[in-house]
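The block underneath contains the structure these notes are about, expressed in C-alpha cells.
The values are calculated or read from the model by the stated rules, or taken from the named source; none is laboratory data. Please read all numbers here as calculations on a predicted model, not as lab measurements. Cβ atoms come from the backbone with ideal geometry, glycine included; neighbour counts cover every protein chain shown. These accessible areas exclude ligands, DNA and RNA; they are computed on the full protein's heavy atoms, side chains included. Shrake-Rupley method; radii C 1.70, N 1.55, O 1.52, S 1.80 Å.
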Amino acid sequence: MILQESGEMYLESIARLKEEKGHVRAIDICEYMGFSKPSVSRAMGLLKDGGYIIVTRESGIELTDLGRATAQKIYERHLLLTSVLKAIGVSDEVAGEDACKIEHVISDETFDKLKEYFNK
C-alpha cells in the first residue's frame, strides 16, 4: 500500500500523541487533528489494512514497526525542513507550516542531500 499524505499525517500524529500521552485512542486523534470521528475511523481502517497500526481494547492504537518507521521518517523530515527554512529567515510559524507541506512530497534523494548538506 502506498501511503498518501493524509496517511503520513495520521502516523505522525499517532506517534506524537503516543509520546505525549502514552496511549492513543481514536478520539485523541480527532481532537489533535481536528477531524471528525468517521474520518478518523476510515483512516484507521486503511492504516490497519496497510499494516501500519494495530488496534486493541487494552492499549488502543499502536504503531507497527512499519508505522513507526514511517512516522519517524516524516517527523525527521519535518524537523530538518523547519530548521532549514528558519535558518534562511522564514518565520517560525510559516516554516512549520511549509515544512509540513514539503515533508510529504520531497524525494528521498533530495531530502538525503539536504540533510547531508545541512549536517556538515
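Given 94, 90, which one is part of a helix (DSSP H, G or I) and either under 23 Å from residue 113 (Cα atoms) or of a type in the set (Val, Ile, Thr) (or both)?
That would be 94, the only listed residue that is part of a helix (DSSP H, G or I) and either under 23 Å from residue 113 (Cα atoms) or of a type in the set (Val, Ile, Thr) (or both).
Return the residues of region 19-33 that are open to solvent by less than 70 Å² (accessible area, probe 1.4 Å) and either in contact with an Asp or Glu (Cβ under 9 Å, 6 or more places away or on another chain) or assigned to a helix (DSSP H, G or I) (or both); say none if nothing qualifies.
If the condition is that a residue be open to solvent by less than 70 Å² (accessible area, probe 1.4 Å) and either in contact with an Asp or Glu (Cβ under 9 Å, 6 or more places away or on another chain) or assigned to a helix (DSSP H, G or I) (or both), then 24, 26, 27, 28, 29, 30, 33 are the ones that fit.
Please work out if residue 62 is outside any loop (DSSP other than H, G, I, E, B), out of contact with any Lys or Arg (no Cβ under 6 Å at 6 or more places or on another chain) and open to solvent by less than 60 Å² (accessible area, probe 1.4 Å).
Yes; evaluated as a whole, the condition is true for this residue.
Among the residues of region 65-86, which ones are among the small types (Gly, Ala, Ser) and in contact (Cβ under 8 Å) with a residue 12 or more places away in the chain? Give the steps one after another, and end with the answer.
Filtering region 65-86 down to residues among the small types (Gly, Ala, Ser) leaves 67, 69, 71, 83.
Result: 67, 71, 83.
Of all residues in region 86-98, which are open to solvent by less than 30 Å² (accessible area, probe 1.4 Å) and modelled with pLDDT of 95 or more?
Once the filter is applied, which keeps residues that are open to solvent by less than 30 Å² (accessible area, probe 1.4 Å) and modelled with pLDDT of 95 or more, region 86-98 yields only 95.
When the residues of region 103-120 are filtered to those that are in contact (Cβ under 8 Å) with a residue 24 or more places away in the chain and surrounded by 10 or more Cβ atoms within 10 Å (Cβ to Cβ), which remaining residue is farthest from residue 6 (Cα to Cα)?
118
So, of the residues in region 34-59 that are of a type in the set (Val, Ile, Thr) and outside any helix (DSSP H, G or I), which turns out to be farthest from residue 11 (Cα to Cα)?
As a first pass, look at region 34-59 and keep what is of a type in the set (Val, Ile, Thr): 40, 53-56.
In the following step, the residues that additionally are outside any helix (DSSP H, G or I) were identified as 53-56.
Values: 53: 9, 54: 12, 55: 13, 56: 17 Å.
Across region 34-59, the extreme among qualifying residues is 56.
Out of the residues in region 45-64 that are among the small types (Gly, Ala, Ser) and either out of contact with any helix residue (DSSP H, G or I) (no Cβ under 7 Å at 6 or more places or on another chain) or without any contact (Cβ under 8 Å) to a residue 24 or more places away in the chain (or both), state the one that is nearest to residue 119 (Cα to Cα).
The first filter runs over region 45-64 and keeps only residues among the small types (Gly, Ala, Ser), leaving 45, 50-51, 59-60.
Next, from what is left, pick out any that are either out of contact with any helix residue (DSSP H, G or I) (no Cβ under 7 Å at 6 or more places or on another chain) or without any contact (Cβ under 8 Å) to a residue 24 or more places away in the chain (or both): 45, 50, 59-60.
Details: 45: 38, 50: 33, 59: 37, 60: 37 Å.
If we take residues in region 45-64 being among the small types (Gly, Ala, Ser) and either out of contact with any helix residue (DSSP H, G or I) (no Cβ under 7 Å at 6 or more places or on another chain) or without any contact (Cβ under 8 Å) to a residue 24 or more places away in the chain (or both), then 50 is nearest to residue 119 (Cα to Cα).
Residue check: is residue 74 exposed (fewer than 12 other Cβ atoms within 10 Å of the Cβ) and in a helix (DSSP H, G or I)?
no
Yes or no: region 33-40 includes at least one residue that is among the hydrophobic types (A, V, I, L, M, F, W, C) and closer than 17 Å to residue 72 by Cα.
So far as region 33-40 goes, no, none of its residues is among the hydrophobic types (A, V, I, L, M, F, W, C) and closer than 17 Å to residue 72 by Cα.
Within region 84-110, work out how many residues are out of contact with any Lys or Arg (no Cβ under 8 Å at 6 or more places or on another chain), farther than 19 Å from residue 9 by Cα and not aliphatic (A, V, I, L, M).
Final tally of qualifying residues: 5.
Just to be sure before I move on: is residue 7 open to solvent by less than 90 Å² (accessible area, probe 1.4 Å), closer than 30 Å to residue 113 by Cα and not in a helix (DSSP H, G or I) in the structure I sent?
Judged against the criteria, residue 7 is not a match.
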